[in-house]
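The values are calculated or read from the model by the stated rules, or taken from the named source; none is laboratory data. Note that the coordinates shown come from a computational prediction; the quantities given were computed from them, not determined experimentally. In this analysis, Cβ positions are derived from the backbone assuming ideal geometry, glycine residues included, and neighbour counts consider all displayed protein chains. Surface areas here come from the heavy atoms of the whole protein model, side chains and all, with no ligands, DNA or RNA. Shrake-Rupley method; radii C 1.70, N 1.55, O 1.52, S 1.80 Å.
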Amino acid sequence: MSRRIAPGPRPAAVLIALLIALGVVAAGPAGGASDNELVRVVVQLQDAPLAKYRDTLPGLKGVLEARTDDGHVNVKAQASRAYLAHVDKKHKAFKQSLDSTAPGAEVHWDYSVAFNGMTLEVPRSRLDEIRALPGVVAVTETYKLEPELDESKNLLGL
């Protein structure tokens, strides 16, 4: 049998605890996420999209009457094009603010007919600053969904 020479923690246990602590510190934030990590977000802007606009702004009337024969919004009608031009000006103003708030932010898509906003790729560290920009209603991070086909046989009755 071996006897311990001095009371206290065993050297191997101390070494293991030290290595674990160093590993946690080296890993950084939970999940390895970084503040400079680029994330894709959808930004919702304040004005109504064309499909929900109800002729509320002075000088931008007639969108409610600009419908196709089957009742859908006619995006080619003069009133619709005028409102879309108004929304486009707001988008350009937002992008100018975005350039100073999050330089290098990349706009992937602009939306104005069924939804008013855009899809961006920005550093995670800038999300709170983007939320604080004028006209921003919401900033929602997107995430990738993987198909789950493990239940398809049961769903198909095979």
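Just one residue in the set Arg124, Arg131 is open to solvent by less than 80 Å² (accessible area, probe 1.4 Å), among the basic types (Lys, Arg) and farther than 20 Å from Arg54 by Cα; that residue is Arg124. Provide a single number: the residues in region 68-92 that are of a type outside the set (S, T, N, Q) and either free of Cβ contacts under 8 Å to residues at least 12 places away in the same chain or assigned to a loop (DSSP other than H, G, I, E, B) (or both). Number satisfying all stated conditions: 11.
For (1) open to solvent by less than 40 Å² (accessible area, probe 1.4 Å); (2) at pLDDT below 90; (3) on the phi > 0 side of the Ramachandran plot, each residue gets a yes or a no:
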position	(1), (2), (3)
Ile5	no, yes, no
Ala26	no, yes, no
Gly31	no, yes, yes
Leu38	no, no, no
Lys52	no, no, no
Leu64	no, yes, no
Ala77	yes, no, no
Lys95	no, no, no
Ser100	no, no, no
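Of all residues in region 123-158, none satisfies the criterion of being within 18 Å of Glu106 (Cα to Cα) and over 15 Å from the mean Cα position of the chain (by Cα).
The single residue among Glu121, Glu129 that is farther than 28 Å from Ser80 by Cα, of a type in the set (Asp, Glu) and touching a strand residue (DSSP E or B) at 6+ places or on another chain (Cβ under 8 Å) turns out to be Glu121.
Under the condition of being at positive phi and in a strand (DSSP E or B), the residues counted in region 118-138 number 0. Per the conditions (1) surrounded by 10 or more Cβ atoms within 10 Å (Cβ to Cβ); (2) assigned to a loop (DSSP other than H, G, I, E, B), the sole criterion not satisfied by Tyr143 is (1).
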